[in-house]
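**Student:** Have a look at the structure that comes next, please.
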Amino acid sequence: MQKWRLDFRVWHWVHATVVLGLLGTVFLRKTFLSWRSNAELLTQKLSEINLEVTEVQAKVLAKAIRAPMWEWHIILGYALTALLLWRVILFFTQSGTQNYQNFKTQSIHKKIVKLEYIFIYSVLIFMALSGLIIHFYETLGLLKETAHSIKEIHELVFNAILIFVPLHIIGVIIAENQDEKGIISDMIHGGSKS
Ligand code: HEM
Ligand code: HEM
């Protein structure tokens, strides 16, 4: 019997891609497509060709340049929500539960890894729910200020994902090179149950 059933492996890799994609959109928003730096750049470059724009106009232009990229945050956000629902269904399969069985008999290290997974799942559920609430705040009848406060928490909690992802990748690479040979390739070809 395989350790990871095909559907779980597909789920893991699609989910990893979507989360990395979401982090990518945040990275772009905060760097190359930051409206603050682009508004300054636009103001400067336009003035070089004798076009003066106000601060507000420059901000509108910079945000318009960022908008098509940020649409991907929402598209990937929907994908994440669907993937989390799929993960709930996978919980009814052996591949989806094995990491959380016989918890008491496991080493301290394994216990920490598994608690980290549970923690990150809770964080992802929070990100999906808060993200959807911010996106649909008008439909939900919420005030702009309330949506803004939720966005601040969404942004704060994002740091947990920023920490988990590199830790997880480094962790499985170390495990692969030490006493858990095949841990990564098992997630690719399925492996076999020990
Ligand atoms: C791109 C590099 C990645 C590699 C090589 C990788 C590899 C793995 C491996 C080998 C496992 C199984 C570990 C075990 O048996 O305990 C695993 C599990 C897991 N991975 Fe990744 N992963 C990657 C990216 C990600 C990303 C970006 C996320 C997003 C949050 C993620 C989320 C998870 C979760 C939640 C589990 C636990 C699955 C379960 O519920 O049993 N992974 N990963
Ligand atoms: C891994 C999951 C996610 C991460 C890491 C993440 C990260 C972030 C961050 C850091 C911000 C603040 C950006 C800034 O103001 O500089 C943000 C804003 C936002 N996110 Fe997410 N997010 C995730 C999931 C989602 C989901 C599932 C949705 C819903 C579809 C969503 C919708 C939004 C919206 C609507 C904003 C506000 C944008 C604005 O103020 O214009 N996010 N997200």
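The values are calculated or read from the model by the stated rules, or taken from the named source; none is laboratory data. Since the model is a prediction, treat every value here as computed from it, not as a measurement. Every residue, glycine as well, gets a Cβ built from its backbone with ideal geometry; the counts of neighbours run over all protein chains shown.
**Student:** Test of understanding: among 161, 188, 108, 169, which residue is farther than 21 Å from residue 24 by Cα and either in contact with a strand residue (DSSP E or B) (Cβ under 6 Å, 6 or more places away or on another chain) or within 12 Å of ligand 1 (Cβ to nearest atom) (or both)? Spell out how you get there, then give the answer.
**Tutor:** Values: 161 fails: farther than 21 Å from residue 24 by Cα; 108 fails: either in contact with a strand residue (DSSP E or B) (Cβ under 6 Å, 6 or more places away or on another chain) or within 12 Å of ligand 1 (Cβ to nearest atom) (or both); 169 fails: farther than 21 Å from residue 24 by Cα.
Matching residue, one of 161, 188, 108, 169: 188.
Each row is one residue, and each column tells you yes or no for (1) surrounded by 14 or more Cβ atoms within 10 Å (Cβ to Cβ); (2) at positive phi; (3) within 14 Å of ligand 2 (Cβ to nearest atom).
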| site | (1), (2), (3) |
| --- | --- |
| 15 | yes, no, yes |
| 43 | yes, no, no |
| 51 | no, no, no |
| 66 | yes, no, yes |
| 87 | yes, no, yes |
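**Student:** Would you mind stating whether residue 71 is assigned to a helix (DSSP H, G or I) and loosely packed, with under 14 Cβ neighbours inside 10 Å? Give the derivation first.
**Tutor:** Values: assigned to a helix (DSSP H, G or I): yes; loosely packed, with under 14 Cβ neighbours inside 10 Å: yes.
So residue 71 passes the test.
**Student:** Residues being assigned to a helix (DSSP H, G or I), closer than 20 Å to residue 155 by Cα and in contact with a Lys or Arg (Cβ under 6 Å, 6 or more places away or on another chain): count how many of those fall in the range 32-60.
**Tutor:** Residues flagged as assigned to a helix (DSSP H, G or I), closer than 20 Å to residue 155 by Cα and in contact with a Lys or Arg (Cβ under 6 Å, 6 or more places away or on another chain) within the range 32-60 amount to 1.
**Student:** Taking residue 83 as meeting all but one of (1) surrounded by 14 or more Cβ atoms within 10 Å (Cβ to Cβ); (2) farther than 29 Å from residue 1 by Cα, write down the number of the exception.
**Tutor:** With (1) surrounded by 14 or more Cβ atoms within 10 Å (Cβ to Cβ); (2) farther than 29 Å from residue 1 by Cα applied to residue 83, the lone miss is (2).
**Student:** Sort through 17, 54, 43, 31 and tell me the only one that's polar (S, T, N, Q) and touching a helix residue (DSSP H, G or I) at 6+ places or on another chain (Cβ under 7 Å). Lay out the reasoning, then the answer.
**Tutor:** Numbers: 17 fails: touching a helix residue (DSSP H, G or I) at 6+ places or on another chain (Cβ under 7 Å); 54 fails: touching a helix residue (DSSP H, G or I) at 6+ places or on another chain (Cβ under 7 Å); 31 fails: touching a helix residue (DSSP H, G or I) at 6+ places or on another chain (Cβ under 7 Å).
Residue meeting the stated conditions: 43.
**Student:** Right, another one. Kindly indicate whether residue 151 is more than 10 Å from ligand 1 (Cβ to nearest atom) and more than 24 Å from the chain's Cα centre (by Cα).
**Tutor:** On the way: more than 10 Å from ligand 1 (Cβ to nearest atom): yes; more than 24 Å from the chain's Cα centre (by Cα): no.
It is false that residue 151 is more than 10 Å from ligand 1 (Cβ to nearest atom) and more than 24 Å from the chain's Cα centre (by Cα).
**Student:** Shifting gears a bit: Please work out which residue is farthest from ligand 1 (Cβ to nearest atom), limiting yourself to the range 53-89 and to residues that are of a type in the set (Phe, Trp, Tyr) and within 15 Å of the chain's Cα centre (by Cα).
**Tutor:** Initial filter on the range 53-89 (of a type in the set (Phe, Trp, Tyr)): 70, 72, 78, 86.
Going one step further and asking which of them are within 15 Å of the chain's Cα centre (by Cα), we end up with 70, 72, 78.
Numbers: 70: 20, 72: 16, 78: 17 Å.
Across the range 53-89, the extreme among qualifying residues is 70.
**Student:** Here's something else I'd like to know. Being assigned to a helix (DSSP H, G or I), touching a Lys or Arg at 6+ places or on another chain (Cβ under 9 Å) and either closer than 30 Å to residue 117 by Cα or modelled with pLDDT of 95 or more (or both) narrows it down to one residue among 29, 87, 9; which is it? Reasoning before the result, please.
**Tutor:** Working: 87 fails: touching a Lys or Arg at 6+ places or on another chain (Cβ under 9 Å); 9 fails: touching a Lys or Arg at 6+ places or on another chain (Cβ under 9 Å).
Exactly one of 29, 87, 9 is assigned to a helix (DSSP H, G or I), touching a Lys or Arg at 6+ places or on another chain (Cβ under 9 Å) and either closer than 30 Å to residue 117 by Cα or modelled with pLDDT of 95 or more (or both), namely 29.
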